[in-house]
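*Asks:* Structure provided below as structure tokens; questions to follow.
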Amino acid sequence: MIDVEKIYSRLKDERVRRAIGVQSAVRYEMKKFLEGQGFIEIPPVIISPLTDPLRHNTYSAFIDYYGAKYSLTKSMIFHKQLALIPFEKIFSFSPNIRLEFEDKRKSGRHLAEFTQLDLEIRDASREDVMDLVENMLIHIIKEVKEKFSLDTEIPEKPFPQITFKEAYKKYGENFEIELSRKMQNPFWIVDMPLERREFYDREYRKGILRDMDLIYPHGFGEAASGGEREYKYERIVDRIKRGGYRPEDFTLYLEFAKRGLPRSAGIGIGIERLTRYLCRLDSVEYAALFPKVIGEHGI
Ligand code: AMP
Ligand code: MG
């Protein structure tokens with residue numbers, strides 16, 4: 001049932017009004033920063049037969065059209081790789097639909113509809129992307145802090161780094177949120193094990209990936225995920241198999257991979273989560289004007 005009263009009162013909620021103002025400024029600063037670095041903004045893809053399989057399960061969201069089966073975009077990862085054929089550096093404000101399960105309801109970080117600033121750079125390393133994101137985050141906070149009287153500190157560079165292995169050893173399965181609560185500065189978790197991530201993140205030591213998550217401090221948790229990508233056909237096939245999938249289910253993507261994908265690295269940063277962090281909101285639902293809250297009916 002749609003709770004019209006709740007949705008109507010959200011439109012008068014001062015927290016939401018402020019958050020959307022901050023979000024608008026954040027998007028403006030992202031675009032300004034990235035175009036200043038030579039990036040091209042590509043339009044988002046909303047439906048496609050190619051989308052991110054994701055490492056966790058969501059309800060499926062498909063559209064049948066003239067016998068073609070389109071998925072609603074869960075992430076633009078494969079389109080980013082293809083967009084690097086004509087362009088060297090690309091970004092997109094990419095709406096994602098992920099019909100998350102009930103267990104994500106109380107996380108404060110999950111919506112069923114959200115937007116990623118998704119970027120990808122040809123021939124880049126993980127470290128190139130980390131450096132870029134650190135500079136961009138510092139730029140954004142500097143630009144919006146005063147205008148909106150935000151409490152957010154301007155982070156210090158370089159952001160601290162910890163490997164997945166070290167973090168897991170010290171804090172166990174809940175390492176991400178435990179570390180997030182402890183830290184005062186955004187930080188990176190690097191070198192995820194293969195079984196925790198999708199097949200497109202590049203493996204560089206047996207079972208360890210050249211990837212990273214950016215984590216906000218003060219308990220706000222994951223901000224972004226990225227990495228270097230697998231781009232060679234044979235390696236992608238191998239990773240698909242080791243990821244427990246059948247290559248036949250990725251025929252279309254593999255057709256493109258056969259013709260050649262550029263080497264690249266990139267990252268996706270959740271816009272609503274960044275807004276939540278900057279505005280110190282209890283939940284990401286206040287960082288959206290028409291949120292699709294997990295387990296509720298929205299408009
Ligand atoms: P992923 O590659 O799955 O980590 O997604 C990239 C980024 O998108 C994450 O780091 C989050 O900032 C954001 N994100 C992912 N899933 C959601 C969700 N259900 N609701 C809001 N933001 C999300
Ligand atoms: Mg992630």
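What follows is calculated from the coordinates using simple rules that are stated; it is not laboratory data. Remember, predicted model here, so these are calculated numbers, not experimental data. Here the Cβ positions follow ideal geometry from the backbone for every residue, glycine too, while neighbour counts run over all protein chains shown.
*Asks:* Over the range 185-261, what is the relative contact order in percent, taking alpha-carbon pairs closer than 8 angstrom and at least six residues apart? Walk me through the intermediate numbers first.
*Replies:* Values: 113 pairs, mean separation 20.3, N = 77.
Across the range 185-261, relative contact order equals 26 percent.
*Asks:* Also, I was wondering about something else. If we count other beta carbons within 10 Å of each Cβ, what is the order of F33, F187, F148, fewest first? Could you put the intermediate results ahead of the total?
*Replies:* Details: F33 19, F187 23, F148 15.
Ordered from fewest to most neighbouring Cβ atoms within 10 Å, F33, F187, F148 come out as F148, F33, F187.
*Asks:* Given the options K74, K89, K142, state which has the largest fluctuation in a GNM of the chain using a 10 Å cut-off (strictly under) for Cα springs.
*Replies:* K142
*Asks:* A follow-up question, please. As a check on your grasp of the helix formula, calculate [θ] at 222 nm for the chain: sum -39500 (n - 2.57) over DSSP H runs of n ≥ 4, divide by the residue count, round to the nearest 500.
*Replies:* On the way: 9 runs with 101 residues, N = 299.
Calculated mean residue ellipticity at 222 nm is -10500 deg cm²/dmol.
*Asks:* Summing Lys, Arg as +1 and Asp, Glu as -1, what charge do residues with Cβ under 10 Å from the Cβ of V16 carry, V16 excluded?
*Replies:* Values: positive: R10, K12, R15, R17, R18; negative: D13, E14, E285.
Charge balance in the 10 Å sphere: +2.
*Asks:* Mind checking the full-extension length gain between N57 and R280? Use 0.36 nm per residue of separation minus the Cα-Cα distance, one decimal, nm.
*Replies:* Working it through step by step, the gained length comes to 77.4 nm.
*Asks:* Can you give me the Rg/Rh ratio for the chain, using Cα atoms for both radii and the Kirkwood formula for Rh?
*Replies:* With Rg and the Kirkwood Rh in hand, the quotient comes to 0.95.
*Asks:* Past the 28 Å Cα-Cα mark, which pairs from K32/K106; K170/K206; K89/K170; K80/K145; K89/K241; K12/K32? Could the numbers behind the result be given before it?
*Replies:* On the way: K32/K106 34 Å; K170/K206 22 Å; K89/K170 37 Å; K80/K145 31 Å; K89/K241 30 Å; K12/K32 30 Å.
Check vs 28 Å cut-off fails for K32/K106; K89/K170; K80/K145; K89/K241; K12/K32.
*Asks:* Would you list the membrane-span-like helices of the chain, meaning whole DSSP H runs whose alpha-carbon atoms span at least 18 Å along their axis and whose mean Kyte-Doolittle value is at least -1.0? Write out the running numbers ahead of the final one.
*Replies:* Values: long enough: 14-36 (33 Å, -0.59); 126-145 (28 Å, 0.05).
The answer, listed by residue number, is 14-36, 126-145.
*Asks:* In nm, to one decimal, how far is the modelled label at D64 from the one at K165, with both set 7 Å along Cα→Cβ?
*Replies:* Those two pseudo-labels are separated by 4.9 nm.
*Asks:* Could you please rank T51, T58, placing first whichever residue has the fewest other Cβ atoms within 10 Å of its Cβ?
*Replies:* Values: T51 22, T58 14.
In increasing order of surrounding Cβ atoms, one gets T58, T51.
*Asks:* I've got another one for you. Quick check: from the Cα gyration tensor, does the range 48-146 come out rounded (a/c under 1.5), prolate or oblate? Don't skip to the end; give the middle numbers.
*Replies:* On the way: a/c = 2.36, a/b = 1.31, b/c = 1.81.
Cα axes put the range 48-146 in the oblate bin.
*Asks:* Tell me which GluC sites (Glu not before Pro) from the range 140-180 have a DSSP coil assignment and no more than 11 other beta carbons within 10 Å of their own.
*Replies:* Numbers: sites: E143, E146, E153, E156, E166, E173, E176, E178; in loops: E146, E153, E156.
In loop regions of the range 140-180 (DSSP not H, G, I, E or B), the sparsely surrounded GluC sites (Glu not before Pro) are E146.
*Asks:* So how do Y200, Y66 line up by other beta-carbon neighbours within 10 Å, fewest first? Could you put the intermediate results ahead of the total?
*Replies:* Working: Y200 25, Y66 4.
Final ranking by Cβ density, sparse to dense: Y66, Y200.
*Asks:* Before anything else, pin down the relative contact order of the chain: Cα pairs under 8 Å, at least 6 apart, normalised by residue count, whole percent. Mind showing how you got there, number by number?
*Replies:* Working: 554 pairs, mean separation 67.3, N = 299.
Normalised by residue count, the contact order of the chain is 22 percent.
*Asks:* Now a separate question. So for the pair D238, E88, with labels modelled 7 Å out along Cα→Cβ, what separation do we get in nm?
*Replies:* My value for the distance between the label points is 3.0 nm.
*Asks:* Of the trypsin sites (Lys or Arg not before Pro) in the range 242-293, which ones lie in a loop per DSSP and count no more than 15 other C-beta atoms within 10 Å?
*Replies:* Values: sites: R242, K258, R259, R263, R273, R276, R280, K292; in loops: R263, R280, K292.
Listed in order of number, the matching sites are R280.
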